[in-house]
Amino acid sequence: MFDLSTWYHELLDDNAIFTPATMAHYWEGLVTTTQLVFLSLVVGLVLAVPLAILRSSKRKWISLPIYAYTYVFRGTPLLIQLYIIYYGVVFFDGIQESFLWPVFRDAFYPALIAFTLNTAAYTTEIFRGAIKATAKGEIEAARAYGMSESLMMRRIVIPSAFRRALPAYGNEVIFMLHASAIASVVTLMDLTGAARYVYSRFYTPFEPFLFVALIYLCLTFAILFFFRFLEKRLLAHLSSPSL
Amino acid sequence: MLDLQGYGPRLFEGALVTVELAALSLGLAIILGLITATAKMSRSWLLRRVAGVYTTLIRGVPDLVLMMLLFYGGQIGVNAISDVLLYDYDIDIYISFNAFAAGVLTIGFIFGAYMGETFRGAFMAVDAGQIEAGKAYGMGSALLFRRVRFPQMMRHALPGLSNNWMVLLKTTALVSVIGLTDMVRVAAEASRATHEPFVFLIPVAVAYLLIASVTEWIFARLQKRYDIGFGEH
């Protein structure tokens, strides 16, 4: 019978750098990267939708603070935001005594918070743009039906804004995947972290960095195709009819 | 008052490094972008293919990974070349591949791909009548590029160029990871040494916002200049 594990070990036997041990590092890195990116995107999206609605408010005192948040988080490098949260978390009074400390001592959660706040800022602006671009006629039609503001938001504005935001949001997802590479700077063992570790062990830059570059490339293409598929399904009414 | 605990001058030097790096990378990115856009619109299948692979690969891999590949791999590559020169041709030179060069090359190379897309769209948006008019005046292709296609293209390219620049500026922060002493690295070192991260990191964040605002104003001025003759937008 064909034994997968023997095959795997024989395949890597004569190789000095791609050993089962380094493969385990890359796998661990892939898991960390996926967790970080997926969690921050989900939480960021959940935060961004209400923020985008508030940001589109005509009342200045509601929209201005949210604009300030998105301006600061979009205008400064993610690395700075990560450093501020990673080094700054100890300054919250009493956090070192609280039950949360074991959670925050690890670099994972500060990184997750930084990534989430960053992607939420970008996503808020993407959705705001989509909400603003709602066709006047749709809003007038909703008003003519006697819909209240909240019903109109729920039934008319948000569903069509989601669809309009899709291409830009796909770019944001890819951007987040690439931005997550800086997690390795604060000692996290993500994909880039694994490559840096292998590099420091064997002092060969090409194998580890080209290998993870290839993995990132595959992930990017997977995201790209997923969003293209979604666009095809959800934006079918906008594509030119095939003759 | 803000007490930088003696790190003030070093932070300022770091800020200069950031600005220099960003400006040089932008220059390289614009040149590469123009070349890529030209290749993408060329009649040669091979050129179009090479430009396509370049933009796809660059946009699929994180900047930091490319930067590390170039920085750590670059020195080995340079050493290999100088070894060949020494043993085969008896020329003894030592080229040190420093972090600044690696930073400019990687960032320029990455954003060249983005600029290529921006410029291609902008070149295609230039009214064909303008080019025909230039040809009718007997302009050669170089003169036509300088006097008609480039200025006309810039009008369409500036919004995208400005966006790319804002992303590029923030990307420069990554060079601190490969050992270049820009303002982010100074601030991170100072935070670790003094255990006061906010004192150093927040002013650096503000500095980025400041640079972004100043350059945004410059881009708005440029847009106005290139829009001359097209009425108000």
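Spin-label model, A:Leu64/A:Gln96: points 7 Å from Cα along the beta carbon direction are separated by 3.9 nm. Across all directions, the average projected area of the convex hull around the alpha carbons of segment B:39-163 is 11.0 nm². Remark: relative contact order (segment A:59-144) = 38 percent; criterion is Cα-Cα distance under 8 angstrom and separation of 6 or more residues. Can you pull a Stokes-Einstein diffusion coefficient for segment A:37-157 at 37 °C (0.692 mPa s), Rh from Kirkwood over Cα pairs, as a whole number of µm²/s? Translational diffusion coefficient: 201 µm²/s. Take each residue of peptide B:65-77, count the partner chain Cβ atoms within 10 Å of its Cβ, and average: the result is 5. Around the Cα centre of chain A, unit charges on the Cβ atoms of Lys, Arg, Asp and Glu (plus for the first two, minus for the last two) sum to a dipole of about 1700 debye. The string of couplings for segment A:27-44 from the Karplus curve (6.51, -1.76, 1.60, θ = phi - 60°) is 5, 4, x, 4, 5, 4, 4, 4, 4, 4, 5, 5, 4, 5, 5, 5, 5, x Hz, one whole number per residue in order, with x for Gly and Pro. Given A:Ala107, B:Ser42, A:Ala144, which one lies farthest toward the positive end of the charge dipole of the protein assembly as shown, if we put +1 on the Cβ of every Lys and Arg and -1 on the Cβ of every Asp and Glu? It is A:Ala144. When segment A:94-243 is described by a simple charge dipole with +1 on each Lys and Arg Cβ and -1 on each Asp and Glu Cβ, the residue from A:Tyr203, A:Ser180, A:Pro167 located farthest towards its positive end is A:Pro167.
Using a simple spin-label model with pseudo-atoms 7 Å out from Cα toward Cβ, A:Lys136 and A:Glu149 lie 2.1 nm apart. Axis angle, to the nearest 10 degrees, between helix B:63-89 and the longest C-alpha principal axis of chain B: 90 degrees. If you wrap the tightest convex hull around every Cα atom of segment A:106-182 and split its volume per residue, you get 86 Å³. For B:Lys40, the lysines whose Cα comes closer than 29 Å to its Cα, not counting residues fewer than 8 places off in the same chain, are A:Lys232, B:Lys135, B:Lys170, B:Lys224. Counting, for every residue in A:70-77, the Cβ atoms of other protein chains within 10 Å of its Cβ and taking the mean gives 6. The dipole here belongs to segment B:90-219: it is taken about the Cα centre, uses +1 on the Cβ of Lys and Arg and -1 on the Cβ of Asp and Glu, and is about 500 debye.
Contact order for chain B, expressed relative to its length and based on alpha carbon pairs under 8 Å spaced 6+ residues apart, stands at 29 percent.
A protection proxy built from the mean count of other Cβ atoms within 10 Å ranks the segments B:123-132, B:200-209, B:6-15, most packed first, as B:200-209, B:6-15, B:123-132.
Modelled this way, with points 7 Å down the Cα-to-C-beta line, the labels at B:Val78 and B:Met139 are 4.1 nm from one another.
Just so you know, all these numbers are worked out from the coordinates, no wet-lab data involved. Just so it is clear, the model here is predicted, and its values are computed rather than measured. All Cβ positions, even for glycine, are placed from backbone atoms using ideal geometry, and neighbour counts span all protein chains on display.
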